[in-house]
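Have a look at the structure below before the remarks.
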Amino acid sequence: MKIDVEHVARLARLGLSDEEKKLYGEQLSRILEYAETLNRLKAEGIEPTTHSLSMKNIFREDKVIPCSDIDSIIANAPREESGMFVVPRIME
């Protein structure tokens, strides 16, 4: 499949040399040809997947665990106020 590399480069606002246009044209053509071979595969009845292995989330119950060493944790904070970390504001 032939692709107009100059047109694509213009849309992407890329300045390409003649050498680059030729190279990228060949590479894009090979990619599109490969995609076309994938389109010819018979995939009826095959469920879409997001991963090649079947995966299952393992959920555990959330448990509240009291922290007995708050002072040593807060000692690592760059800034602390009333036993809490003070962080820079990121939203107004």
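If I build a Gaussian network model for the chain, linking alpha-carbon pairs within less than 10 angstrom, which residue out of GLU33, GLU81, GLU20 has the largest mean-square fluctuation? Largest GNM mean-square fluctuation: GLU81. Anyone know which of SER72, SER52, SER29 comes out most mobile in the 10 Å Cα GNM of the chain? Judging by the Gaussian network model, the answer is SER72. Along its first, second and third principal axes, ordered by size, the chain spans 67, 44, 24 Å in Cα coordinates.
Spin-label model, PHE59/GLU47: points 7 Å from Cα along the beta carbon direction are separated by 1.9 nm.
Every number in this text was worked out from the coordinates using simple rules, so none of it is lab data. Since we're looking at a predicted model, the values are computed, not measured. Cβ atoms come from the backbone with ideal geometry, glycine included; neighbour counts cover every protein chain shown.
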